[in-house]
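Every number in this text was worked out from the coordinates using simple rules, so none of it is lab data. Just so you know, these numbers come straight off a predicted model, no measurement behind them. Cβ placement follows ideal geometry from the backbone for every residue including glycine, while neighbour counts extend to all protein chains displayed.
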């Protein structure tokens, strides 16, 4: 079951963007992280990650 798109307070490595996307779409975290690494090698992954870090709200306490 998909949840709202919010960055978790636990289970994150840097900003929680990959954990939020994995939880929202029901994917394993390592696949989402691998995707960002691959896109980072192309040059767009870092920009997308930073933009999502700003746009995705943090989970409430």
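Here is how the numbers come out for the structure above:
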quantity	calculated
Within region 21-61: backbone nitrogen closer than 16 Å to the residue 6 label point (7 Å, Cα to C-beta)	21-25, 55-61
Acute angle (nearest 10 degrees) that the helix 45-55 long axis makes with the longest principal axis of the chain, alpha-carbon atoms	30 degrees
Rh by Kirkwood over Cα pairs, then Stokes-Einstein D for the chain at 0.692 mPa s and 37 °C, µm²/s	283 µm²/s
Principal-axis tilt of helix 29-42 within the chain, Cα atoms, nearest 10 degrees	30 degrees
Normalised contact order of the chain, rounded percent, pairs of Cα under 8 Å and 6 or more residues apart	38 percent
